[in-house]
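Data first, discussion second: the structure below is written as structure tokens.
The values are calculated or read from the model by the stated rules, or taken from the named source; none is laboratory data. Here the structure is a predicted model, which is why all the values come from computation and not from measurement. In this analysis, Cβ positions are derived from the backbone assuming ideal geometry, glycine residues included, and neighbour counts consider all displayed protein chains. For the accessible areas, the whole protein counts, side chains as well, though only heavy atoms, and no ligand, DNA or RNA atoms are used. Shrake-Rupley method; radii C 1.70, N 1.55, O 1.52, S 1.80 Å.
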Amino acid sequence: MRIANMRMDANLTQEKVFLAAGISRNTYQRIEGGTGDARYSHLLRIATVLHCHVRDLIP
């Protein structure tokens, strides 16, 4: 849920984040929902879009 909270704090939709990060909708939703293992490269892209560090995305 940390990613979801950060995304909402940035006033971004899921669609804006996964498109800007260049990852698929399903991959992003699994990462944000915590139902799938996230590749470091995906987390790095998401962190770039959210203007934070990867460590901020991980509980």
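Assorted remarks:
- Condition check for Ala4 on (1) over 9 Å from the mean Cα position of the chain (by Cα); (2) not in a loop (DSSP other than H, G, I, E, B): one failure, at (1).
- Answer residue from the stretch 34-59, given it is free of Cβ contacts under 8 Å to residues at least 12 places away in the same chain and of a type outside the set (S, T, N, Q) and is nearest to Ile3 (Cα to Cα) among those: Ala47
Here is a yes/no grid of residues against (1) among the hydroxyl-bearing types (Ser, Thr, Tyr); (2) out of contact with any helix residue (DSSP H, G or I) (no Cβ under 8 Å at 6 or more places or on another chain); (3) open to solvent by less than 50 Å² (accessible area, probe 1.4 Å):
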residue	(1), (2), (3)
Asn11	no, yes, no
Glu15	no, no, no
Phe18	no, no, yes
Thr27	yes, no, yes
Arg30	no, yes, no
His42	no, no, yes
Ile46	no, no, yes
Cys52	no, no, yes
Leu57	no, no, yes
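- Checking the stated criteria, Ala47 turns out to be under 9 Å from the mean Cα position of the chain (by Cα), at pLDDT 95 or above and at negative phi.
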